[in-house]
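Taken together, the values in this text are just the output of simple stated rules run on the coordinates, not laboratory data. This one's a predicted model, so the numbers in the text were calculated from it and none came from an experiment. Glycine also receives a Cβ, built like all others from the backbone with ideal geometry; neighbour counts cover every protein chain displayed.
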Amino acid sequence: MLLSRPGVVLMYGERYDAVVLALRVMIVVGGLTMGEAAFNALLSTTDNQRMRVVFACLSLVVTAGFAFTLVLMAVLAFALSMLTRMVVEGTSEPDPHLPTIIVWFVLCVLLIGGPMVRGSQGQPVVHPGLTEARGQRAILHRLIAALRLPDEDGAAVPTGRQIGSVAANAARWAGHRKEA
């Protein structure tokens, strides 16, 4: 939807700029009604028009509700991301940071859906978003360590191997230290 204007201008030129709004409306309506297409194909064979209309209206309302919730969660995640960066960086207008936005979005999804979901056999399992958030944090830490970006003290962020080595050395020499 965001690329409709550049796409129209690229393919047809500036004089077709007036159709961009119509194209955007078509994309939104097509996206909102996509889920009902297969069921409508089935209903068209039964020739029950009243049921088709009721199902189409119900589907549109439910899909619009889900779309509104998704947009609301994205806006909330963006706002929380910017607020977090304002506190961390101490600036009033921080730049958007996609990994922070993604983490906040996953947390918003978990807040709405809860930390547990039903598995394939009906058993309660941990929400996949928690695993994804943990993975995103690990990837971010590896990237920062690989780029050797300094932390607040100016020292490079240690890698996972360095953290493990420090912990192993502390455990190995814990009983051998002499108090001065």
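Which of the three applies to segment 114-172, rounded, prolate or oblate, going by the alpha-carbon gyration tensor with a ≥ b ≥ c and a/c under 1.5 meaning rounded?
On the way: a/c = 4.01, a/b = 2.07, b/c = 1.94.
Taking the square roots of the gyration eigenvalues as a ≥ b ≥ c, segment 114-172 is prolate.
How do 92, 4 line up, fewest other C-beta atoms within 10 Å first? Mind dumping the intermediate values first?
Numbers: 92 6, 4 17.
With the sparsest Cβ surroundings first, the list reads 92, 4.
Efficiency by 1/(1 + (r/R0)^6): what FRET value for residue 12 and residue 141, r their Cβ-Cβ distance, R0 = 30 Å, to the nearest 0.05? Could the numbers behind the result be given before it?
On the way: r = 47 Å, r/R0 = 1.56.
In this case the efficiency is close to 0.05.
So if each residue of separation counts as 0.36 nm, and I subtract the Cα-Cα distance between residue 112 and residue 60, what length gain in nm does that give? Let's see the in-between values first.
Working: separation 52, 0.36 × 52 = 18.72 nm, distance 2.16 nm.
Difference between extended and current length: 16.6 nm.
Using the crude model of +1 on Lys and Arg Cβ and -1 on Asp and Glu Cβ, and no other charge, please compute the dipole size for the chain relative to its Cα centre, in debye to 20. Intermediate results must be reported in sequence, preceding the final value.
On the way: 15 positive and 12 negative charges, 123 e Å.
Here the chain has a charge dipole of around 600 debye.
Within the chain, what's the longest stretch lacking trypsin sites (Lys or Arg not before Pro) that sit in DSSP loops with no more than 13 other Cβ atoms inside 10 Å?
On the way: sites that count: 148, 177, 178.
The segment 1-147 is the longest one with no such site.
List the DSSP H helices in the chain whose Cα atoms stretch 24 Å or more along the helix axis and whose mean Kyte-Doolittle hydropathy is at least 1.6.
49-89
At 7 Å along the Cα-to-beta-carbon direction for both residue 159 and residue 49, put a label point, then send me their distance in nm to one decimal.
7.1 nm
Residue 5 to residue 67: FRET efficiency via 1/(1 + (r/R0)^6), r the Cβ-Cβ distance, R0 22 Å, to the nearest 0.05?
0.55
Based on other C-beta atoms within 10 Å, arrange 95, 17 from fewest to most. Present the calculation step by step, with values, prior to reporting the outcome.
Numbers: 95 8, 17 12.
Listed from fewest to most nearby Cβ atoms, that is 95, 17.
Rounded to the nearest 0.05, what FRET efficiency do residue 19 and residue 75 give with R0 = 30 Å and r taken as the Cβ-Cβ distance? Could you check? Mind dumping the intermediate values first?
Numbers: r = 28 Å, r/R0 = 0.94.
E(calc), rounded to 0.05, equals 0.60.
With 10 angstrom as the radius, rank 108, 57 by how many other C-beta atoms surround their C-beta, starting from the fewest.
Numbers: 108 20, 57 11.
With the sparsest Cβ surroundings first, the list reads 57, 108.
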